[in-house]
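*Asks:* Before I ask anything, here is the structure I am working with.
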Amino acid sequence: MSGRVYRLHSTLELPLEDLEEFFENDPDLPPEIEDIDITRRNNTLIIKAVAADDSLSKYTPTAQLKASVTETRVYEEEPPRAGGPQWGEEEEEIPSELVEFACFKGDRETVLQNTALQYPMFLVLQEIARQSEKGTLTAITETDGELSATRIVEGEARPASVEVVESPSKNGGDGGGVNWRDNKFIS
């Protein structure tokens, strides 16, 4: 299977524990990916593809997903709003815990890095998006010569389409940009 990822934008967040459990349960990986290597450096999580193809040099950087890890306090019930009247009653503490979240936020170069095995690793990101209860993944990809759109919102696939429009710079005008070659202010 051949494919390319042209555009990608992600705002996915899921508990780190859920992500680790997803990979521990041996998910179905694309045939080009033999295994997944997960590394954590401080507050950065790197999920790297291990190529199944032996002809790919060990020095070739394979595609990787990059996520930031943040701690968020999760309450068992909605916390009271600040600023309300207190009427002298003692506040009862709402049970909560600190949960680490893996946040795949940004565009293609931020979330999905390196070109070797990029499309198969995008398929892995789609599976992660289906596990996520918060955030959106949108992308335009090409598979075997066909463009397709992907949109997953809060773990659920939504309809998406690719629309080709005429570029505004092809209207015959100069687009309002600066012509640096013939600029009289630069000598």
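Quick note: the coordinates plus some simple rules give every number you see, no bench work behind them. What you see is a predicted model; the values in this text were computed from it and never measured. Because the Cβ atoms are built from the backbone with ideal geometry, glycine has one as well, and the counts that use them run over all protein chains shown.
*Asks:* Which residues in the stretch 4-33 have a backbone N closer than 15 Å to a point placed 7 Å from the Cα of S55 along the Cα-to-Cβ line?
*Replies:* Under 15 Å, as judged by backbone N against the label point of S55, lie 32 of the stretch 4-33.
*Asks:* Given points 7 Å out from each Cα along the Cα-Cβ axis, report the R158 to E17 separation in nanometres with one decimal.
*Replies:* Label at R158, label at E17, 2.9 nm between them.
*Asks:* Using a 7 Å offset from the Cα along the Cα-to-Cβ direction at both D35 and R7, what is the distance between the two label points in nm, to one decimal?
*Replies:* In this crude label model, D35 to R7 measures out at 3.8 nm.
*Asks:* At q = 0.24 Å⁻¹, what log₁₀ I(q)/I(0) does a Debye calculation on the Cα points of the stretch 129-170 give, no solvent, two decimals?
*Replies:* So the normalised log intensities are -0.81.
*Asks:* May I ask you to work out the translational diffusion coefficient for the stretch 28-78 at 20 °C, viscosity 1.002 mPa s, via Stokes-Einstein with Rh from the Kirkwood sum over Cα pairs, reported in whole µm²/s?
*Replies:* Rounded to a whole number, D works out at 162 µm²/s.
*Asks:* FRET efficiency for N114 and S148, Cβ-Cβ distance as r, R0 = 25 Å, nearest 0.05?
*Replies:* About 0.70, to the nearest 0.05.
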